[in-house]
Amino acid sequence: MSRPSQGQDVPYLFVNSKLGAEILTHLSSAEIYESLDNGSVSVIKINPLDLSKAQQIIEDTPGLGCGRHKISYGVASAEKRIQSISAMQNWQESKMSFTMLNNTIDQQSLVNPMLNDISSSHLLNLNLGLSAFRSRYFQTNSGVSGMKWIYYHWRSMTIHRNDVQVQLFEHSWPQPSVLLKLEGSDPNLPGIVLGAHGDSTNEDKLDFAPGADDDGSGVASHTEVLRLMMENNFKPKRSIYFFAYSAEEAGLLGSDEIAMRFKGLNIPLKGVLQSDMIIYKNPNTPKIIYLISDFTDVAQNSFMVDLINTYVGVSWAYMKCTYACSDHASWNDLGYPSSFPFESGPNLNDSNPNIHTINDTMSFLNNSYDHGIHFVKLALAYAVEMSNK
Ligand code: BES
Ligand code: ZN
């Protein structure tokens, strides 16, 4: 956002809808010019003299001050960007549907025995470990320790396997991400990613942030998938990457860097699964799997539906996050097919009321572990079916 004003050309801000609302509230000169991608991107026209105020709002809005917002100067340039966003959206949807068309379900003999071994006490214990850190905020010492804890845990689970590497992935801020690679027997085939964010936050940045549901639950779920793979001596055909991302709560920073590194190194991926908040069940709404339908891949989402029907046996529905609300968006932005099954809906405010507070704890999730198990089943079925053909 540091580009200087281009003379008196009118600036058009391309921002997500949440940030758009923030700018419209605080800048009297701001007006909405167009809304794109089913309302998730707002194009906002402002007075050139208000540009630095707008940039300040973007930087000050928690979690949204990262580099994914764009400015066009002058109406012609704004129109060009609008055209390219709309065109790319169509192109992405049709291309991705095409590449995924022949995905079948044929690994039942491997998946079913592993599904029977899923254990809620493992899920619970892992999450107890994670939520015991004072905070896993990306700029705190305990946030760094939390990631190292995941690193040592994943290493100890896989130390006997010479096809597994675990590493801390360093960023320009203190907290690393954790990367585990289970190498496929055919390492040239596109691999898959199971991702969750290891960091946590409190609205009051330095306060306690146990982050049991957001997102200890996602890390615990992927760790359980890894445990089952190790105990069943699973050796996939394609490589499987497990990620605990740093700094999701600061604006998807860790996953953004990692996805860009993959793109830069030309590492092909068949698909990405994000697990973020998978245990809480809202007592007043249907206990089903909500598949986030925006910033995700249409064709892979419909494969998720097949997996739910085959292996999980619960109802499901689509819902929108309306903005780039978790790490799936970092991959989706770069064209990697990505999906995000979510714990509660059908509206965003049906979700866990305690996230980003001191009360996002294990005890608040006490009665919900059976709900979490549905998501572990889905992740396991996804990982085996996607990676083994
Ligand atoms: N897990 C949340 C996202 C979420 C919350 C999805 C509630 C659905 C319902 C995630 O960790 C988060 O807090 N994301 C930020 C945005 C991010 C870009 C900083 C958010 O939603 O404010
Ligand atoms: Zn989260």
| request: Would you tally the net charge around residue 79, using a Cβ to Cβ cut-off of less than 15 Å, leaving residue 79 out, and scoring K and R as +1, D and E as -1? | output: +2
| task | Please report 295, 234, 340 as a ranked list, fewest other C-beta atoms within 10 angstrom at the top and most at the bottom. | result | 234, 295, 340
| Under a plain spin-label model, where a point goes 7 Å from the Cα along Cα-to-Cβ, how far apart in nm are residue 141 and residue 125? | 2.9
| Once you put a point 7 Å from the Cα of residue 231 and another 7 Å from the Cα of residue 285, both along the Cβ direction, what distance in nm separates them? | 3.2
| message | Can you order the peptides 377-383, 308-314 by their average number of other Cβ atoms within 10 Å per residue, highest first? | response | 377-383, 308-314
| request: State the Cα centre-to-centre distance between the stretch 307-354 and the stretch 4-44 in whole Å. | output: 26
| note | Straight-line reach check, residue 53, cutoff 16 Å on alpha carbons, 8 or more apart in-chain or any other chain, hits among lysines -> 45, 70
| message | Using only the alpha carbons of the chain, what is the convex hull's orientation-averaged projected area in square nanometres? | response | 18.3
| field | Proxy reagent accessibility, fewest Cβ within 10 Å first, across 238, 134, 161 | value | 161, 134, 238
| note | Packing-ranked peptide list from 179-185, 70-76, highest mean Cβ count within 10 angstrom first, is 179-185, 70-76
| remark: Counting only DSSP beta bridges fully inside the chain, the antiparallel percentage to nearest 5 is 60
| note | HN-Hα couplings for the stretch 377-389 via Karplus (6.51, -1.76, 1.60; θ = phi - 60°), in whole Hz with x for Gly/Pro, come out as 4, 4, 5, 5, 4, 4, 4, 6, 5, 6, 8, 10, 8
| query | When Lys and Arg each count +1 and Asp and Glu each count -1, what net charge do the other residues less than 10 Å away from residue 319, Cβ to Cβ, add up to? | reply | -1
| message | From the alpha carbon gyration tensor of the stretch 279-389, can you work out the equivalent ellipsoid semi-axes (sqrt of 5 times each eigenvalue) and give them in Å, largest to smallest? | response | 23, 18, 13
| Taking the stretch 11-90 as the region of interest, what is the percent of Cα-Cα pairs per 5 angstrom bin, listed from the shortest bin to the one with the maximum distance? | 3, 16, 30, 26, 17, 6, 1, 0
| field | Max mean-square fluctuation residue, GNM over the chain, Cα-Cα springs under 10 Å, options 255, 368, 131 | value | 368
| message | I'm checking a number: the convex hull volume of the Cα atoms of the stretch 155-212, normalised per residue, in Å³. What is it? | response | 136
| request: Using the number of other C-beta atoms within 10 angstrom as an exposure proxy, rank 292, 358 with the fewest first. | output: 358, 292
| field | Environment charge at residue 258 (Cβ cut-off 14 Å; Lys +1, Arg +1, Asp -1, Glu -1) | value | -4
| So which lysines can residue 263 reach, going by Cα to Cα under 18 Å and dropping same-chain residues fewer than 8 places off? | 95, 181
| Phi to ³J(HN,Hα) by Karplus 6.51 cos²θ - 1.76 cosθ + 1.60 over the stretch 130-145, Hz, x for Gly, Pro | 5, 7, 7, 5, 4, 7, 10, 4, 5, 10, 10, 4, 5, x, 5, 4
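No lab work stands behind these numbers, since they all come straight from the coordinates. No experiment lies behind these values; they were computed from the predicted model shown. Counting neighbours? That spans all protein chains shown, and the Cβs are built from the backbone with ideal geometry, glycine included.
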